[in-house]
Amino acid sequence: MVYVQTSGKIMTKSIIRTYSRYSRDAAALLGELIREARHERKLTAQELADRAGISRGLLQRIEKGNLKCEIGAVFEAATIVGVKLFDADDSTLTKYLHQTKEKLALLPKSVRKKSKVVYDDF
C-alpha cells in the first residue's frame, strides 16, 4: 500500500503490479484444482474456509486464481482438499528443504551490488 495525501486526507492507493502469463495461468490452475477437489469431497466453500482458518471471500479469490492472496492460505486450502503442491511425498520434501538450507548456509547473508567509487578530489 502506498499512502497518498490529498487535501488534508490520507488515502491508501494500491500498488499496481504486473504478473507474467505463466504466473497468472499457474494461479488459475491451482485455484481450479482446489475448487475441483473441494467439490469432489463435497465440502462447501464455508466449510473449507473454516477448516483453513480463512474467510469465504478469500477462498473464493483463491479459487479464482487471484495472485494477491497470501501464499500460506493458498497452500493450506490446497493441502486440506488433497491437492499435491509438489511431485514428492512429505519425506522427500523434508529432504530437499534440508539440502536447500545447507546450501544457503554456505552463501553470504546478504548480497550488495558494488557501489561506484566517487572521485571527489578537486
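The values are calculated or read from the model by the stated rules, or taken from the named source; none is laboratory data. The model shown is predicted, which means the values in this text are computed figures rather than measured ones. Virtual Cβ from ideal backbone geometry, glycine too; neighbours counted across all protein chains shown.
Within segment 28-62, the residues that satisfy the criterion of being in a helix (DSSP H, G or I), of a type in the set (A, V, I, L, M) and over 13 Å from Ala73 (Cβ atoms) are Ala28, Leu29, Leu33, Ala37, Ala45.
Is there a residue being surrounded by fewer than 10 Cβ atoms within 10 Å (Cβ to Cβ) and in contact with a Leu (Cβ under 8 Å, 6 or more places away or on another chain) anywhere in segment 37-56? Taking every residue of segment 37-56 in turn, none turns out to be surrounded by fewer than 10 Cβ atoms within 10 Å (Cβ to Cβ) and in contact with a Leu (Cβ under 8 Å, 6 or more places away or on another chain). Scanning segment 9-31 for residues that are loosely packed, with under 14 Cβ neighbours inside 10 Å and either touching an Asp or Glu at 6+ places or on another chain (Cβ under 9 Å) or among the hydroxyl-bearing types (Ser, Thr, Tyr) (or both) gives Thr12, Ser14, Thr18, Tyr19, Ser20, Tyr22, Ser23.
Report, by residue number, each residue of segment 63-108 that is among the aliphatic types (A, V, I, L, M) and in contact with an Asp or Glu (Cβ under 9 Å, 6 or more places away or on another chain).
So in segment 63-108, the residues among the aliphatic types (A, V, I, L, M) come out as 67, 71, 73-74, 77-78, 80-81, 83, 85, 88, 93, 97, 104-107.
Ala77, Val81, Val83 - these are the residues of segment 63-108 that are among the aliphatic types (A, V, I, L, M) and in contact with an Asp or Glu (Cβ under 9 Å, 6 or more places away or on another chain).
Restricting attention to segment 74-97, the residues that are free of Cβ contacts under 8 Å to residues at least 24 places away in the same chain, in a helix (DSSP H, G or I), surrounded by 10 or more Cβ atoms within 10 Å (Cβ to Cβ) and not polar (S, T, N, Q) total 5. Is at least one residue of segment 73-94 on the phi > 0 side of the Ramachandran plot and touching a Gly at 6+ places or on another chain (Cβ under 6 Å)? No; the residues of segment 73-94 include none that is on the phi > 0 side of the Ramachandran plot and touching a Gly at 6+ places or on another chain (Cβ under 6 Å). Just one of (1) in a loop (DSSP other than H, G, I, E, B); (2) touching a residue at least 40 places away in the same chain (Cβ under 8 Å); (3) not polar (S, T, N, Q) fails for Tyr119. It is (2). All of Thr79, Thr100 fail the test of being over 26 Å from Ala28 (Cβ atoms) and within 20 Å of the chain's Cα centre (by Cα), apart from Thr100.
Of all residues in segment 42-58, none satisfies being of a type outside the set (A, V, I, L, M, F, W, C), in contact with a Lys or Arg (Cβ under 6 Å, 6 or more places away or on another chain), at pLDDT 95 or above and under 17 Å from Leu85 (Cα atoms).
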